[in-house]
Amino acid sequence: HDHGDHLGNATDIMKGNNRVKLIAVFEIANHVAEQLGDSSRVIDANIGGPIDLGNGFFAVLTHALHSSLHGHPTGVIVGAGDEVVYHAGDTGLTYDMKLIGELYKPLVALLPIGGHYTMGPREAAKAVELINPKYVIPMHYATFPVIKGKPEDFVKHINELSLKAKVIVLKPGEEVELR
């Protein structure tokens, strides 16, 4: 979606690096292409349509329960073979997550846990139950005063549901390699 904390400075990044492409819902893709003056580096798509990225990689935009100035907010599934990542984007809990788990079997799920504008820790734990990833990375917390969800609360709810997913809490800019 095109809130400042997400689309942010994507256009500036793209202007500074000609190799960067953007996959986005149709309306946002057109908006960014207009700002760039170049539509060749923008892949417009819509929710549910598989996108062939070449070399065995694919992406699928997913439904997200949120808001956006241009077009519908989305999450994204990206993968190749059985290595699939689901980035839920800013969203509330939705039963679509069960279908994502069944159809794409994500190895990793990145889920918002902050509450107020997105799922909170309890709802995100339920999302983990629906998706059934091997790893889950909580995100979108501790960013604004009203966003109060905490990773330790998320872990507590994961444990209450006896889920097997390993929770990986990252600091901003931190990386992890998973297999």
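The values are calculated or read from the model by the stated rules, or taken from the named source; none is laboratory data. These numbers were taken from a predicted model, which means no experiment stands behind them. In this analysis, Cβ positions are derived from the backbone assuming ideal geometry, glycine residues included, and neighbour counts consider all displayed protein chains.
Side notes on the structure shown:
- Per this entry, L36 is counted among residues that are more than 29 Å from L130 (Cα to Cα), in contact (Cβ under 8 Å) with a residue 12 or more places away in the chain and hydrophobic (A, V, I, L, M, F, W, C).
- Yes/no for T94 being of a type in the set (S, T, N, Q) and within 26 Å of G49 (Cβ to Cβ): yes
- The residue that is surrounded by the fewest Cβ atoms within 10 Å (Cβ to Cβ), counting only those in region 131-179 that are of a type in the set (A, V, I, L, M) and farther than 15 Å from I113 by Cβ, is V176.
- Against the numbered list (1) buried (at least 18 other Cβ atoms within 10 Å of the Cβ); (2) within 20 Å of K98 (Cα to Cα); (3) of a type outside the set (F, W, Y); (4) modelled with pLDDT under 95, G79 comes up short only at (4).
- Sole exception among (1) β-branched (V, I, T); (2) assigned to a loop (DSSP other than H, G, I, E, B); (3) over 12 Å from the mean Cα position of the chain (by Cα) for I100, by number: (2)
- In the set T62, T91, only one residue is of a type in the set (S, T, N, Q), at pLDDT 95 or above and part of a loop (DSSP other than H, G, I, E, B); that residue is T91.
- Filtered residue count, region 149-175, keeping only those that are in a loop (DSSP other than H, G, I, E, B) and modelled with pLDDT of 95 or more: 12
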